[in-house]
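Below is one structure, written out as structure tokens; the observations come after it.
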Amino acid sequence: MFVGMPESDYPDVRGLHLFADMADTRFEELMRGSYVQNFPPQVDLITEGDPSDFLHIILSGTVALSSSWNGRETVMATVRPISTFILAATIKDAPYLMSAKTLKKSRVALIPSQDVRNVFATDHGFARAIVTELAQCYRSVVKAQKDLKLRTSLERLANYLLRQHNRLDGATTFELTLEKRRLASFLGMTPENLSRAFKGLQAYGVEVRGNTIAINDRDDLAKFAKPSALIDDFSS
């Protein structure tokens, strides 16, 4: 069931770079037409090729973005709170290029795309923020392509684990947020290759127990992985 966005959620949404510098009246216009819905795990939120009716903001939970072609499917990205998806389709009034599915119980805000485009055309602060957001998305795509094209499967997995380690404030033991089949797809590997890659990283102190990862020698793993800010830092 859709409900109007509660005012208690306004500060979280307003705090996003996309909405931080827009006029208060314009922000209120967007919120008046927005909705919030709670979704259980494994629910399809949008389908690749469908019209981009809403800009989505994930407030809690986790969402996987994926694409498919000719019977094959690949994971493109994982979205966590608090962030938007898929902005480019909303601004261009174009079909979604990816599908989205909840991985965990998720709370998602939906802002009508037409409202977003209307405010984009009239609010300079919002327009500048959208350009910046789209530039960031472009840079992230370039970095992901560099990861896929310049690294071996073993190097991609090693750097992925280091990024998770850093994201979790240096935790040496953590749970994979993606099931291994989806992780293999995200890294451009088959499940069999992923299994072999995990075994290959044992020599660098990586221990795998189900979905639990232990990094026993971070320095040795980093020496092998050679992480680079020009590939692995998705914040700039």
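The values are calculated or read from the model by the stated rules, or taken from the named source; none is laboratory data. The structure presented is a predicted model; accordingly, all values stated were derived computationally and were not measured. Note: ideal-geometry Cβ built from the backbone for every residue, glycine included; neighbour counts use all protein chains shown.
Tabulated data
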| read-out | value |
| --- | --- |
| Residues of the range 117-133 classified as crowded, with 18+ Cβ neighbours inside 10 Å and β-branched (Val, Ile, Thr), total | 2 |
| Selection from the range 199-232 of residues that are touching a Ser or Thr at 6+ places or on another chain (Cβ under 8 Å) and in a strand (DSSP E or B) | Thr212, Ile213, Ala214, Ile215 |
| Which listed residue, of Asp44, Asp93, Asp50, is more than 23 Å from Val142 (Cβ to Cβ) and either in the same structural domain as Phe186 (by TED's automatic domain parsing) or touching a Phe, Trp or Tyr at 6+ places or on another chain (Cβ under 6 Å) (or both) | Asp50 |
| Matching residues, the range 44-65, being touching a residue at least 60 places away in the same chain (Cβ under 8 Å) and of a type in the set (Ser, Thr, Tyr) | Ser52, Thr62 |
| Tabulated pairs, the range 178-189, first surrounded by 16 or more Cβ atoms within 10 Å (Cβ to Cβ), second assigned to a loop (DSSP other than H, G, I, E, B) and modelled with pLDDT under 90, C-beta under 7 angstrom, 6+ apart or interchain | Phe186/Leu178 |
| Residue count for the range 92-106, restricted to those that are out of contact with any Pro (no Cβ under 7 Å at 6 or more places or on another chain) and buried (at least 19 other Cβ atoms within 10 Å of the Cβ) | 6 |
| Test: Gly61 is under 21 Å from Tyr96 (Cβ atoms), of a type outside the set (A, V, I, L, M) and surrounded by 13 or more Cβ atoms within 10 Å (Cβ to Cβ) | yes |
| Unique match (being over 23 Å from Thr177 (Cα atoms), of a type outside the set (Lys, Arg) and outside any helix (DSSP H, G or I)) among Pro81, Pro95 | Pro95 |
| Count - residues of the range 44-58 that are surrounded by 15 or more Cβ atoms within 10 Å (Cβ to Cβ) and closer than 26 Å to Leu187 by Cβ | 5 |
| All positions within the range 72-121 that are free of Cβ contacts under 8 Å to residues at least 60 places away in the same chain and among the acidic types (Asp, Glu) | Asp93 |
